[in-house]
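The values are calculated or read from the model by the stated rules, or taken from the named source; none is laboratory data. For clarity, every value in this text was computed on a predicted model and none was experimentally measured. When we count neighbours, we look across all protein chains shown, and the Cβ atoms used for this are built from the backbone with ideal geometry, even at glycine. Side chains included, ligands, DNA and RNA excluded: accessible areas come from the protein's heavy atoms. Shrake-Rupley method; radii C 1.70, N 1.55, O 1.52, S 1.80 Å.
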Amino acid sequence: MLHRVLHNTRPLLSTLSFSWNTVPARPRMDTSRPVERTIWAKLTQALDPKHLEVLNESHMHAVPPGSESHFRVLVVSSRFEGLSLLQRHRLVNEALRAELSSSVHALAIQAKTPEQWQENPTLAKSPPCLGGSKHDDTVAEKLKAAQD
């Protein structure tokens, strides 16, 4: 019962997450979110993560409801061992090259090794949107063109 109450009080933030440190469970995946699903699949394939979170933060920005344009990812992978933060971000960006050149406007990346994740298993919070596109009347057109 408590699980059901907590599940129903969760914020309306679309989140995909899994971890090797928790009881095996299917990740929560919204099948109506194709960009989110693609990000999940590509990062899983490219980086074999021990933990992966994909958050659609578009609702925090001046975009139409239901947009998939602003994301935050947390990737924990042994592939990051010995790499600088810049090199880790490049691996993530390379895996998502097609999405970053089309429908994804912003991507915040946290790329950790399993050891770093064990020491600090937290996801950073995004700052509030400053409204850079609130005064751009063409935002809806741009987002629609990116989806076509």
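A few notes on this one:
- Any chance A106 is of a type in the set (A, V, I, L, M), modelled with pLDDT under 85, open to solvent by less than 60 Å² (accessible area, probe 1.4 Å) and under 13 Å from V63 (Cβ atoms): no
- In segment 85-94, the count of residues that are surrounded by 12 or more Cβ atoms within 10 Å (Cβ to Cβ) and at pLDDT below 85 is zero.
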